[in-house]
Amino acid sequence: MENPADISAGGPFEARYLAFLETISNLRPSLHRYCARMSGSVLDGEDLVQETLFEAYRKLDTYDDSRPLSPWLFRIAHNRSIDFLRRRGVREEAEAASIEPDFVLPVDPIGAGLGRAVEHLVTCLPPKERACVLLKDVFDYTLEEIAELVGSTVGGVKAALHRGRAKLTRFPENPRPSSEVGPDFTKLLNLYVERFNRRDWDGLRELISADARLQVADGFAGLMANAPYFANYDRLTAPWRMAVGSVDGEPVVISLGRDKEAWKPLSFVRLGIADGRIVEVTDYAHCPWVLAAASSVALV
């Protein structure tokens, strides 16, 4: 593996971080797919991937190069996902799911007809069952590999798979419910899109807090005021425009590109709002797999 420190010795942290991301770019879509299905959100999933890669980068000096990189990253991603679920209020469910029976049930294959739907249905499962079903039926890890990744035993993994698969055959495939937002958020979202489409950059800055944070996934993380964010969009030569929409039920700003005679969703932007101002902007323009992994993309 190329040493990121050699890319830009003494340079900004972002440069070394991006160099590290380049070495594992082939793993990114799979990591996001796992984190998105564990968290139940393609947006939260990408945040978890960013946390995973940041932690992995900090621990590179302790990584054993004789071992494959993928399981190591998936183990970090799994731990981050479990932490996320516990922070979201399902700690008791996670602990209950970790109780393993003294007997081992047969590992039956997933029910016929579920196919890729399993990725969206697993959010109904407790975290351990969710992880085991994803790792086995979506990512095709062995029972032994899964046991190591989730910190269990082969018997525990078999039992979790049996319970999870049995539940999945009974779950209806319902669409993800829309997130409810207040009128102030909706008004600010529409103003943001309207001014963005007019290239009214000064008007946009009026909507944004002076200490707002910007994250261009895989590109930049820092203060919005220190980034040439709007200038970069202004320089784009390909036709584009913004629209209010939703991704997996969450209101977002969707970036559209011209595809022959129609406008096609290319990426999206997530806004964080506090006290009537935008305090956080997260742009996924460099991560096309996030939009591709969404269950639903809608324009308002």
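The values are calculated or read from the model by the stated rules, or taken from the named source; none is laboratory data. Keep in mind that this is a model prediction, so the values were computed, not measured. Every residue, glycine as well, gets a Cβ built from its backbone with ideal geometry; the counts of neighbours run over all protein chains shown. Areas reflect the complete protein model, heavy atoms only, side chains present, ligands, DNA and RNA absent. Shrake-Rupley method; radii C 1.70, N 1.55, O 1.52, S 1.80 Å.
May I ask you to list the residues in the range 193-214 that are open to solvent by less than 50 Å² (accessible area, probe 1.4 Å), more than 11 Å from Arg277 (Cα to Cα) and within 27 Å of the chain's Cα centre (by Cα)?
Val193, Phe196, Leu214
Any residue in the range 32-59 that's more than 17 Å from Trp72 (Cβ to Cβ) and open to solvent by less than 30 Å² (accessible area, probe 1.4 Å): show its pairings with residues that are of a type in the set (Lys, Arg) and not in a helix (DSSP H, G or I) at Cβ separation under 7 Å, as long as the two are six or more apart or on different chains.
Taking only residues 6 or more apart or on different chains, the pairs are Leu43/Arg270.
Residues that are under 25 Å from Trp289 (Cα atoms) and at pLDDT below 85: does the range 184-197 have at least one? Before the answer, list the steps.
Just the residues of the range 184-197 that are under 25 Å from Trp289 (Cα atoms), to begin with: 189, 192-193, 196-197.
Still in the list and also at pLDDT below 85: none.
No, the range 184-197 contains no residue that is under 25 Å from Trp289 (Cα atoms) and at pLDDT below 85.
Out of the residues in the range 135-173 meeting the condition of being within 20 Å of Leu73 (Cα to Cα), modelled with pLDDT under 90 and hydrophobic (A, V, I, L, M, F, W, C), tell me which one is surrounded by the fewest Cβ atoms within 10 Å (Cβ to Cβ).
Going through the qualifying residues, I end up with Phe139.
Under 8 Å by Cβ, and 6 or more places apart or on different chains, what pairs join a residue from the range 238-250 that is in contact (Cβ under 8 Å) with a residue 60 or more places away in the chain with one that is in a strand (DSSP E or B) and of a type in the set (Phe, Trp, Tyr)?
Close Cβ pairs (under 8 Å, with a partner that is in a strand (DSSP E or B) and of a type in the set (Phe, Trp, Tyr)) amount to Val247/Phe268.
Among strands (runs of 3 or more DSSP E) lying entirely in the range 240-300, which contain 2 or more residues that are open to solvent by less than 50 Å² (accessible area, probe 1.4 Å)?
Details: elements: 240-247, 250-259, 262-274, 277-283, 297-299.
The qualifying strands (runs of 3 or more DSSP E) are 240-247, 250-259, 262-274, 277-283.
Which of the residues that make up the range 277-297 are of a type in the set (Gly, Ala, Ser) and either within 18 Å of Pro29 (Cβ to Cβ) or modelled with pLDDT of 90 or more (or both)? I'd like the intermediate steps shown before the answer.
Pass one, the range 277-297, residues of a type in the set (Gly, Ala, Ser): 285, 292-296.
If the condition is that a residue be of a type in the set (Gly, Ala, Ser) and either within 18 Å of Pro29 (Cβ to Cβ) or modelled with pLDDT of 90 or more (or both), then Ala285, Ala292, Ala293, Ala294, Ser295 are the ones that fit.
Return the total of residues in the range 60-74 being farther than 22 Å from Val290 by Cβ and in contact (Cβ under 8 Å) with a residue 24 or more places away in the chain. Can you show your working first?
Within the range 60-74, the subset farther than 22 Å from Val290 by Cβ is 60-68, 71-72.
Still in the list and also in contact (Cβ under 8 Å) with a residue 24 or more places away in the chain: 60, 65, 71.
The total comes to 3.
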